[in-house]
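To start, the structure under review is shown below, and the notes come after it.
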Amino acid sequence: MAKIIGGITSSHIPAVGNAIANNLQQEPYWKRFFDGYKPAQAWLEQHKPDVAIVVYNDHGLNFFLDKVPTFALGCADKYENADEGWALKPVAPFKGDAAFSWHIAEKLVEQEIDICTCQEMLVDHGFVNPIRALYGTHEVWPVTTIPLAVNTVQHPVPTALRCYKLGQALRHAVESYEEDLKVVVFGTGGMSHQLQGERAGLIDVEFDLETMDRIASDPEWLTKFSNSEIMRRAGTEGIETIMWLVMRGALQSNVKVVHKHYHAPISNTGSGVLVLENTL
Ligand code: DHB
Ligand code: FE
C-alpha cells in the first residue's frame, strides 16, 4: 500500500528561482536561508520518497483570476513549468502519476472534498521553487510529483480548518492506494508577508515561530483562526501558510520533528522549513 512517510514545509519565494539560476546560494544574503534546507535535503536523500504531493497556490500562471478553483489536483503524467518573467529558463518538466492522481481524486470526492481535476496543469514558482530548494537542479527530477493547488489568491479563500480536513482526507486517499509507494507531502508558501497596500513589507516573527511550533505539536491551534485573523497577523499573502495544514492533516497526530529552521526577512517574507516524520 502507499504510505505517507512525512511532510516538509517551505516558502516558495520567486527570488529563490533567480538565486539558484545564478548560483547565489552561498552569497551572504542567501547563505543562511539555503543552509536551512540542508537537513531536509539529507532526509529526502535518506528516505527517497517515490512521490511528492506538492500543496501550493498558483499565482496566475495556470489559473487566471477569471477561473479560480478552490482546490485543484493535477491528474497528468507530466507537468511543465513556463515563463513567469524574471527572464529565467523554465525548469525541466516534472513526471506525474495520473493513475495515482485519479485514485486520490476519487477518494477525496468520496469523502466529500470536491476538487477540480486537471489533466493539463502548468506549475509556477509556488510548486517549482520548493522542489528546487529541496532537490537542487536536475534535468530528470528524482521524484514523481502530484500538484495540489489551493486558492490563496482570490477571495473567498478556504478556511484553515478546511485545509486541515483536506489533509486528513488526503491521508486516507493516499493510504488506500494499493501500490507500494513512499509518499511525502510538501506544504508550501508563507510565512508572514504582505506584498501590497499600506502594510506592504509586514513580517511577524513571533507569529511565524508560534505557527511553526503549533503546526508540529498542536495544528488545531491554527484551524481556530479565521482568515481575517490570520491576515491581520501574518499579512494578506501570509494566508498562504494555511496550505501547511493540508500537509499536517495528512500526517499522524504525534509526529517526530526532524528539522526546524526559520529565517526572516528573505525577499519579502518569513521563511520556515519543517521536516515532520510519521513514525507509525
Ligand atoms: C514573495 C513571496 C511569495 O510567496 C510570492 O508568491 C511572491 C513573492 C516574496 O517574498 O517576495
Ligand atoms: Fe506566494
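Throughout, read-outs are computed from the coordinates displayed, never taken from laboratory work. These numbers come from a predicted model, not from an experiment. Note: ideal-geometry Cβ built from the backbone for every residue, glycine included; neighbour counts use all protein chains shown.
Here are the numbers for this structure:
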item	result
Considering only the chain, percent of DSSP beta bridges that pair antiparallel, nearest 5	45 percent
Reference-scaled alpha-carbon Rg (2.2 N^0.38 Å with N residues) for segment 52-153	1.04
Cα gyration tensor shape of segment 5-113, rounded if a/c is under 1.5, else prolate or oblate by comparing a/b with b/c	oblate
Relative contact order of the chain, pairs being alpha-carbon contacts under 8 Å that are 6 or more residues apart, as %	31 percent
Pairs beyond 22 Å (Cα-Cα), from Lys38/Lys95; Lys89/Lys260; Lys38/Lys260; Lys31/Lys95; Lys3/Lys48	Lys38/Lys95; Lys89/Lys260; Lys31/Lys95
Neighbourhood charge, 9 Å Cβ-Cβ cut-off, centred on Met121 and excluding it, Lys, Arg +1 and Asp, Glu -1	-3
Segment 74-124 pair-distance distribution - Cα-Cα, 10 Å bins, rounded %	25, 40, 24, 10, 1
Modelled label reach - Phe64, point 7 Å along Cα→Cβ, segment 132-164 residues with backbone N closer than 17 Å	154
Relative contact order (%) - segment 223-280, alpha-carbon pairs under 8 angstrom, separation at least six	26 percent
Normalised contact order of segment 1-146, rounded percent, pairs of Cα under 8 Å and 6 or more residues apart	36 percent
Alpha-carbon gyration tensor eigenvalues x 5, square-rooted, for the chain, Å	24, 21, 20
Separation between Cα centres of segment 110-179 and segment 226-279, rounded to whole Å	15 Å
